Amino acid sequence: MNQASRARLFKEYKEVQREKVADPDIQLVCDEANIFKWTALVKGPSETPFEGGVFQLAFSVPDQYPLQPPQVKFLTKIFHPNVHFKTGEICLDILKNAWSPAWTLQSVCRAIIALMAHPEPDSPLNCDSGNLLRSGDIRGYQSMARMYTRLAAMPKKG
Amino acid sequence: MQNQDASETSVQTSEVDDWANFRDDDILQQQSAIVTEEAGKIPFLGDKEPLTSLAAEYKSGSPILLEKIKLLNEQYAAIRRTRGDGNCFFRSFMFAYLEHILESQDRAEVDRIKTNVEECRKTLLSLGYVEFTFEDFFTLFLEQLESVLSGNEDSISHDELVQRSRDQSISDYVVMFFRFIASGEIKKRSEFYEPFIQGLTNTSVQQFCKSSVEPMGEESDHVHITALSDALGVPIRVVYLDRSHGDKGSSVSVNHHDFTPVACDLTNATSASGSEAVKPFVTLLYRPGHYDILYPK
């Protein structure tokens, strides 16, 4: 049954190799031993509190892929209304009920970058972060988010 | 050892902890568990049943419905149910269409629809879809189409068609194929579909396709049906079984609507054969929220 998902993932693998240059903000890597496990490094979008940070995502792809969405979470700590602060779980429609096979692991990464730049505070997984935005405390939100970007998503200066 | 009270408190706190850790993933998992459980009860596609089974369902129901079922009996012989999983329109269409080809062996129709499918492929590419994201679904549909024609190495029987339609790895892929087709058609002719979509959901065409057409399990409306019928050039009759009175004044009548594909555009020379209304060979029964297949007498 997972033959179809395997074949699809292999196509994505080839596509990723080709797109590496085209999309320097995303580095998507397949686990050498298991094509159903991927990790990605995405750059925090510029002019956001995540700028300068590099965030690691973990992908777990189900057997029913691409009929079912991959499970994606942040491995890098991030202060964002739509990311669970402890688990890294992401609240994004295309990863839940709006998934379709037209998406790829690569385009999911792009959607996550877009989410980082445009948080949706009305459906928060991180209520503290969501409340700051909802109460209009943009400065508070940005400084918290920037602090965690520095703490967790930037290489330590040696 | 803990005494009774202590263990009760610990249960309580752990429940609170569970709640705090309750994640979307868990909800999705629970949801898919429910779907799997329901799946055991009703197959994607049922057996052909006489229309009397429909009457039995409404035995103590609305007299209007019973009256309408009586009327249906005059024209229709049987019903084939599909699972109410949000894909029932596409799945009903899949089976009704392939069954028609299997029984009619209408090679001209197969050639015609293949031309349309090829057009749809170009549409998706021109809309910016990445080919490898949809090609598997196209391939699988075309394989089913070939296999219902006799005289091929991999020709299949009617029983086999039923089985394949119940096999998730085939059935869901064909459903998804139709979703791609409908989405591509809606986006291609967005200026035409926009007012209908506005009336239905008040969202943009792009958003509608993203959230209501392409995802599996999203229910179909007249927009989906129009788009699929237009894109594939296949007329579809939908018979409505609801509690409304029919058109004919005070006496009850059963409404139906024929979705007739728009005359194919002039560039598509191969299918310019006729502009006269074709009688639909795909007939579906609509009850609010659900589609099944209907068999004329």
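What the table below lists for this structure:
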quantity: Residue match in the stretch B:149-169 (condition: under 20 Å from residue B:233 (Cβ atoms) and in contact with a Leu (Cβ under 9 Å, 6 or more places away or on another chain)); calculated: yes
quantity: Residue in the stretch B:212-228 that is nearest to the chain's Cα centre (by Cα), counting only those that are more than 12 Å from chain A (Cβ to nearest Cβ) and buried (at least 21 other Cβ atoms within 10 Å of the Cβ); calculated: B:220
quantity: Extreme residue, farthest from the other protein chains (Cβ to nearest Cβ), among residues of the stretch B:116-125 that are without any contact (Cβ under 8 Å) to a residue 60 or more places away in the chain and either over 20 Å from residue B:101 (Cα atoms) or among the small types (Gly, Ala, Ser) (or both); calculated: B:122
quantity: Of all residues in the stretch A:36-77 being touching an Asp or Glu at 6+ places or on another chain (Cβ under 9 Å) and over 15 Å from residue A:105 (Cα atoms), the one that is surrounded by the most Cβ atoms within 10 Å (Cβ to Cβ); calculated: A:44
quantity: Pick from the stretch A:1-26, criterion open to solvent by 100 Å² or more (accessible area, probe 1.4 Å) and over 20 Å from residue A:65 (Cα atoms), ranking: nearest to the chain's Cα centre (by Cα); calculated: A:20
quantity: Pairs, first more than 17 Å from residue A:25 (Cβ to Cβ) and facing chain B (nearest Cβ under 8 Å) in the stretch A:92-107, second of a type in the set (Asp, Glu) and open to solvent by 20 Å² or more (accessible area, probe 1.4 Å), C-beta under 7 Å, six or more apart; calculated: A:96/B:24
quantity: Scope the stretch B:192-211; condition among the hydrophobic types (A, V, I, L, M, F, W, C) and either buried (at least 21 other Cβ atoms within 10 Å of the Cβ) or within 14 Å of another protein chain (Cβ to nearest Cβ) (or both); matching residues; calculated: B:197, B:205, B:208, B:209
quantity: Count of the stretch A:81-91 residues which are within 12 Å of chain B (Cβ to nearest Cβ), assigned to a loop (DSSP other than H, G, I, E, B) and open to solvent by less than 50 Å² (accessible area, probe 1.4 Å); calculated: 5
quantity: Test: residue in the stretch B:229-246 that is basic (Lys, Arg), open to solvent by 60 Å² or more (accessible area, probe 1.4 Å) and at pLDDT 90 or above; calculated: no
quantity: Filtered residues of the stretch B:63-83 (kept if under 23 Å from residue B:141 (Cβ atoms) and not hydroxyl-bearing (Ser, Thr, Tyr)); calculated: B:80, B:81, B:83
quantity: Positions within the stretch A:50-65 being among the aromatic types (Phe, Trp, Tyr), under 26 Å from residue A:102 (Cβ atoms) and assigned to a loop (DSSP other than H, G, I, E, B), in sequence order; calculated: A:65
quantity: Matching entry among A:115, A:125 (being open to solvent by less than 70 Å² (accessible area, probe 1.4 Å) and more than 24 Å from residue A:19 (Cα to Cα)); calculated: A:125
quantity: Cβ-Cβ under 9 Å pairs, at least 6 apart or on other chains, the stretch B:66-92 side acidic (Asp, Glu), far side surrounded by 17 or more Cβ atoms within 10 Å (Cβ to Cβ) and in a helix (DSSP H, G or I); calculated: B:85/B:91
quantity: Tabulated pairs, the stretch B:102-115, first touching a residue at least 60 places away in the same chain (Cβ under 8 Å), second of a type in the set (A, V, I, L, M, F, W, C) and assigned to a helix (DSSP H, G or I), C-beta under 8 angstrom, 6+ apart or interchain; calculated: B:113/B:145; B:113/B:232
quantity: Residue within the stretch B:128-136 that is free of Cβ contacts under 8 Å to residues at least 24 places away in the same chain, in contact with a helix residue (DSSP H, G or I) (Cβ under 7 Å, 6 or more places away or on another chain) and open to solvent by 60 Å² or more (accessible area, probe 1.4 Å) present; calculated: yes
quantity: Test for residue A:56: is it away from chain B (no Cβ under 13 Å), among the polar types (S, T, N, Q) and touching a Ser or Thr at 6+ places or on another chain (Cβ under 6 Å); calculated: yes
quantity: Residues that are within 12 Å of chain A (Cβ to nearest Cβ) and charged (D, E, K, R), drawn from the stretch B:165-191; calculated: B:167, B:172, B:179, B:187
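Conditions tested, residue by residue: (1) at pLDDT below 95; (2) in a loop (DSSP other than H, G, I, E, B); (3) over 13 Å from the mean Cα position of the chain (by Cα).
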site	(1), (2), (3)
A:100	no, yes, yes
A:108	no, no, no
A:111	no, no, no
A:116	no, no, no
A:120	yes, yes, yes
A:125	yes, yes, yes
A:128	yes, no, yes
A:139	no, no, yes
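The rows are residues; the columns are (1) assigned to a loop (DSSP other than H, G, I, E, B); (2) closer than 21 Å to residue A:114 by Cα; (3) modelled with pLDDT under 95; (4) not polar (S, T, N, Q).
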{"position": "A:4", "(1), (2), (3), (4)": "no, no, yes, yes"}
{"position": "A:14", "(1), (2), (3), (4)": "no, no, yes, yes"}
{"position": "A:21", "(1), (2), (3), (4)": "yes, yes, yes, yes"}
{"position": "A:24", "(1), (2), (3), (4)": "yes, yes, yes, yes"}
{"position": "A:32", "(1), (2), (3), (4)": "yes, no, yes, yes"}
{"position": "A:38", "(1), (2), (3), (4)": "no, yes, no, yes"}
{"position": "A:45", "(1), (2), (3), (4)": "yes, yes, no, yes"}
{"position": "A:48", "(1), (2), (3), (4)": "yes, yes, no, no"}
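The values are calculated or read from the model by the stated rules, or taken from the named source; none is laboratory data. Keep in mind that what you see is a predicted model, and the values were worked out from it rather than measured. Here Cβ is always computed from backbone atoms with ideal geometry, including for glycine, and neighbour counts include all displayed protein chains. Just the protein is used for accessible areas: all its heavy atoms, side chains included, with ligands, DNA and RNA removed. Shrake-Rupley method; radii C 1.70, N 1.55, O 1.52, S 1.80 Å.
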